[in-house]
1. If you go through region 49-63, how many residues are within 28 Å of L704 (Cβ to Cβ) and either touching a residue at least 60 places away in the same chain (Cβ under 8 Å) or in contact with a helix residue (DSSP H, G or I) (Cβ under 9 Å, 6 or more places away or on another chain) (or both)?
2. Suppose we keep only residues that are surrounded by fewer than 17 Cβ atoms within 10 Å (Cβ to Cβ) and not acidic (D, E) within region 808-832. Which one would you say is farthest from the chain's Cα centre (by Cα)?
3. Quick one: in region 693-704, of everything that is surrounded by 14 or more Cβ atoms within 10 Å (Cβ to Cβ), of a type outside the set (S, T, N, Q) and outside any strand (DSSP E or B), which residue is farthest from the chain's Cα centre (by Cα)?
4. So which strands (runs of 3 or more DSSP E) stay within region 710-819 end to end and still have 3 or more residues that are of a type outside the set (A, V, I, L, M, F, W, C), more than 24 Å from G100 (Cβ to Cβ) and touching a residue at least 12 places away in the same chain (Cβ under 8 Å)?
5. Under the condition of being in contact with a strand residue (DSSP E or B) (Cβ under 9 Å, 6 or more places away or on another chain) and not hydrophobic (A, V, I, L, M, F, W, C), which residue from region 181-190 is surrounded by the most Cβ atoms within 10 Å (Cβ to Cβ)?
6. Within region 679-712, how many residues turn out to be among the acidic types (D, E) and in contact with a Ser or Thr (Cβ under 7 Å, 6 or more places away or on another chain)?
7. A378 - would you say it is in contact (Cβ under 8 Å) with a residue 40 or more places away in the chain, part of a helix (DSSP H, G or I) and in contact with a Ser or Thr (Cβ under 6 Å, 6 or more places away or on another chain)?
8. Working only within region 520-572, note down all residues that are among the aliphatic types (A, V, I, L, M) and in a loop (DSSP other than H, G, I, E, B).
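The values are calculated or read from the model by the stated rules, or taken from the named source; none is laboratory data. Note that the coordinates shown come from a computational prediction; the quantities given were computed from them, not determined experimentally. Glycine also receives a Cβ, built like all others from the backbone with ideal geometry; neighbour counts cover every protein chain displayed.
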Amino acid sequence: MSLSQPPAPGSRALIRDEEWLVQHADQCAQGGWQLSCIGVSETVRNRHALFLTALDDVTLIDPAQTELVFDDSPGFMAARLAIEARLRQSAVQGDALVLGQQAVMDTLPFQLDPAHHVLQQLRPRLLIADTVGLGKTLEAGILTAELIRRGRARRILVVTTKSMMRQFQQEFWNRFTIALTRLDSAGIQRIRRQIPANHNPFSYYDRTIISVDTLKRDSEYRHYLESAWWDLIIIDEAHNVSYKGNRTQSNRLADLLAQRSDALILLTATPHNGKKESFASLVRMLDPTVLPPRADYTRSDVEHLFIRRFKSDVREQMKQDFPERQVFRLAAQASAAENLAFDALAELKLASDGGGARDGAMLFRTVLEKALFSSPAACLQTLKERICRLEARDATHPDLASLRDLQALVQQIEPAQFSKLQHLIAQLKDDPHWRWDGRAADDRLVLFTERIETLKFLQQHLPAALGLKADAVAILHGQLPDQDIQQTVEDFGRGHSPLRLLIASDVASEGLNLHYQSHRLIHFDIPWSLMVFQQRNGRVDRYGQTQPPKIGYLYTQPHNERVRGDLRYLEILIEKDEQAAKNIGDPSAFMGLYDEDAETLEVAKAIEGNTTAEAFAQQLAGGDVDPFELLWGDAANSATPPAGEPAPSTAPSPTATLPSLFAGHYHYARDGLRWLRQHQPEQQPAVQADDATRTLSFQPGRDLAQILKRNLAPEMWPTDNTFALCADKRTVEAAIAQSRDGSDWPQLHYLWPLHPIAQWLDYKLMAAFGRQRAPLLRVPQGLHAGEAIILVLAQVPNRRGQAMLAEWLGVQLDARGQVQTVLSLPDTLHRTGLDGGQNPAPANDGHAPDSRLWQQALPAVIRAAEAYLRPIKQAFDADCRQRLDQELTKLATLRDKHLAQMELELAQGGIEQVRAAQRQQRESATADLFGQYQQWVRDTLQLDDRAQFTVVAALVSQQDAAPQDMAQGAAQ
């Protein structure tokens, strides 16, 4: 139809047989209007589109024209299901958590804080920097669940390391039923076969997970990323993408991604390397307006953008979930063959080492010592490579003779003379603390080494010495394909897997869950970085560990005094890691370098510079402070949050329970699936329901199967095509644990509102009575004969089409169809006996009352709802305007800081013409940046003038008047 007037923002329209919300209406030069719309009905929900009224038929939807349809289902089941479905899909307001705390986990109070923090923000952006093992993935899942429930995270992208992809995907699915499509090497090939050529895979799938390595490797992805948009992006192990003095490919990718979403969550236990610019790079990803480039800053400038806790901060909440670790120093006395090699190494003089230590590199003698501390195999590999390089350069090089002599001595160290290997075997066979034979499926062992040669040596010699079969041992290092790494980690956590011993390089030290079947971890070589200590130990000493972790530090004690002196530095590192575990929880604070390579070089520097061990220990004193305090000094003591941002709080994060017509998720889903089966038997399969366990089982019909096959990864699909959904968290938790004993993902899924089947069910039930039709049902109490309550949903969107204000209203009519009062939803449900399934289902005799009076009253109902909403909207609007003013004032202040920093840098000197060009370029970039943010803030906080009203249902008395009595009442 051709509209004579443009539809007001907030109007709902029927276009191409779908329901849309009009956001903008712009006049076209050729006549008519261009409508910018966001989808409301199921097929196009939350999708944006443009329509021309000159080309498309546009029918504006008038809620007063809603048709009231009597529900003849037993107990008015269809009507109650339709109301509940709309409740579950309507907007949620406030910063109280309504869903995330119900996930499949023993939720601890501190894990709710990031979600609550984000819900207080205008733009959901946060760095979760909790220490290793506190459950950052779970915190991200809680936060994501809350954003999804609020309609703010339909499209999600997760970026992580290749070793973490499957684990992250499993955690999000098993505990939150958030289905991520994995774009690993196999997943990419599968997807490219499924989607059209040159189609953007990030547009084809709404929720994906990919490794940063894949993004770097494939040049296509940058183009795909630049043309895609997400509601939420999560970057795991975010320290890998921070700025570290040069612009790496990972850093550039992260900067690009930060511009491609509304919400951005960064996860890392090591959020900075001790340099303010490195941490600032992560802050600027979250909000580029906060910090001008290269400007100094204090904690008060940025603390609203991160949250960081240590074990000591939350220990009282975790007494049952974080058993104290047991630490063992496993010193092996060097064999005679080893002592000969260490003696030669101590006396080694190399011309290529020059006169002393070099900046940024260890002396080669130190490199050899570090390698020999790891294993003879590692030392031999290092010697072989050096000798080959020297021979290629100069066959008479003075170092060659000494290196060959040392090589001959190291070659004499047979496995039987390798003291660490023999000591490890003895400990595992005889020591009462470490006795281990690999028989128990829930008592597995992790060995860490930094050298691949050591790893391969252990793989070759250790299994036979311990009597382990080949399939009981696995290795993990960065040169393996991503699928092999992910499969090994998954197998190590499965109870029925024969795997008992995992020998890993430090590729396994970041993020991986190795604690499901293991509480033993041995450092076969001692890392020279306290950050590596923390990462390695965190694989078994983490949230969810049920046994006291046993941490062993294995090292060789030679006779040579000089080498023993060097070993003392490593013993000091062990002491500092133990000290940190008991106090602040971050051992990297002792060195203050926050970079693994820099810490390693610092240890080498102490050894090479002949710094005494006592002096080295003194240098590492005073590390029992939060590294962030060291980052900005005393500024943290006087920190205050910026204007417009919430103040940090130590109070528990608030939670809320949403109103419902059913006793729980199970009862709603059970009754909803049964109703669909009764009314669409050819499309919907039979459902088996077990009320005792609150479990539903069924095979999906054709339409549901199509949706699930698109959204679920193959691993999530049940092997027998029968979906089993359970609403009991403990039962699902047990199924997750049991799945680790087999070879499949859990066959039992969590039944709650975020499951794709539950989402599909909501949309099916919302459409049960047809477009612009609302059910009429009798209620057992609260109304006299002839009275009615018209249930209305009022929503006020912002300029971006997001529902900012949502009010459920019960407009009560008397027997003459006149408006009496307006009730809240809880009051309406309680008064009529529909709340939470507390009362028996109302009886339905199937006789439809005369609904003409109530139908005719709908225009008055909408007017009453408008009048009731008006002061609520005015107050809400005033709050939004106040916050808008605060945000714009804050942005203006920040813009001035950017310009002042620019002038400060340009004042350093240089050619005037060059400075003028730089000033113009930076002024333009600053104007663009703040212009975009100001517009985003306005579009978010400015509400449409018109509210959207939906007539959801009509509730009438169980003993409503006979039609003739109602007619007489109307005549009066």
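1. First, the residues of region 49-63 that are within 28 Å of L704 (Cβ to Cβ): 49, 61.
Right, trim to either touching a residue at least 60 places away in the same chain (Cβ under 8 Å) or in contact with a helix residue (DSSP H, G or I) (Cβ under 9 Å, 6 or more places away or on another chain) (or both) and you get 61.
Looking only at that region, the number is 1.
2. The residue in question is R816.
3. This residue is G701.
4. 773-779
5. Applying the first criterion (in contact with a strand residue (DSSP E or B) (Cβ under 9 Å, 6 or more places away or on another chain)) to region 181-190 yields 181-184, 187-188.
Narrowing the set further to residues that are not hydrophobic (A, V, I, L, M, F, W, C) leaves 181-182, 184, 187.
Numbers: T181: 22, R182: 25, D184: 22, G187: 23.
Here the residue is R182.
6. Result for region 679-712: 0.
7. Yes: the conditions hold for A378.
8. Across region 520-572, the qualifying residues are I526, V540.
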